[in-house]
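Below you'll find the structure, written out as structure tokens, and then a few comments.
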Amino acid sequence: MVNRVKIGNDVELKDRLVAINRVTKVTKGGRTFTFAAIVVVGNENGVIGCGLGKAGEVTAAIAKGVEAAKKNLVKVPVLNGTLPHEAYAKFGGARVLIMPASEGTGVVAGGAMRAVLESVGITDVLAKSKGSSNPHNLVKATIAALTSIRDPKTVAMNRGVSLTKVFRG
């Protein structure tokens, strides 16, 4: 289940550029260069979205990517700067493993995963990407892993247990 989020104009989303790809099309008249930009936006408080923008100029591609990312926002449970439990996801050839870490660890992750994890507001996490290093698929696999994480409050409600009983052991 994916929790889609509608954000009003009052919430400030910060955008991060993950990758820029220069695409060349060769025609009879010569070469035509276009740019594709992968952008991640987040409020650093549990909301994240990714988008792809394509244009003839880099700035226009980034702007289109930001607009596309704002349309794909999802909510992620963040617990004290880390995750409630570990998560694994696949997208295409990219495989992603994300594990919670103790306070002070920092974000131990590669480039594309680091942008997603920092945009969502996670400060302590261990992450490993296996398989493909394609930034498109890594970003989508990371967001898929983050959306598969369940909030401890909702899990306790579904089980009919209070959180105080769970944490006391």
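Note on Glu118, Glu103, Glu67: ascending count of other Cβ atoms within 10 Å places them as Glu103, Glu67, Glu118, the fewest first. Here the label points at Lys25 and Ser133, each 7 Å from Cα along the C-beta direction, are separated by 3.0 nm in the simple model. FRET efficiency for the pair Glu44 and Arg159, taken as 1/(1 + (r/R0)^6) with r the Cβ-Cβ distance and R0 = 25 Å, rounds to 0.25. Which whole-angstrom value gives the distance between the alpha carbon centres of region 66-113 and region 116-144? For region 66-113 versus region 116-144, the Cα centre distance is 5 Å. Estimated from helices alone, the mean residue ellipticity of the chain at 222 nm is -8500 deg cm²/dmol (sum of -39500 (n - 2.57) over DSSP H runs with n ≥ 4, per residue). Among residues other than Asn134 with Cβ under 15 Å from its Cβ, the summed charge is +4 (Lys and Arg +1, Asp and Glu -1). Once both labels are positioned 7 Å from their Cα atoms along Cα-to-Cβ, the gap between Asn72 and Glu103 label points is 3.5 nm. Backbone amide hydrogens, once placed in the peptide plane, bring Asn43 within less than 5 Å of Lys14, excluding anything fewer than 5 places away on its chain.
Quick check: net charge around Arg31, other residues with Cβ under 15 Å of its Cβ, Lys/Arg +1 and Asp/Glu -1?
Its environment carries a net charge of +3.
Any read-out appearing in this document is the output of simple, stated calculations on the displayed coordinates, not a laboratory observation. For clarity, every value in this text was computed on a predicted model and none was experimentally measured. Cβ sites come from the backbone with ideal geometry, for glycine too, and all protein chains shown count toward neighbours.
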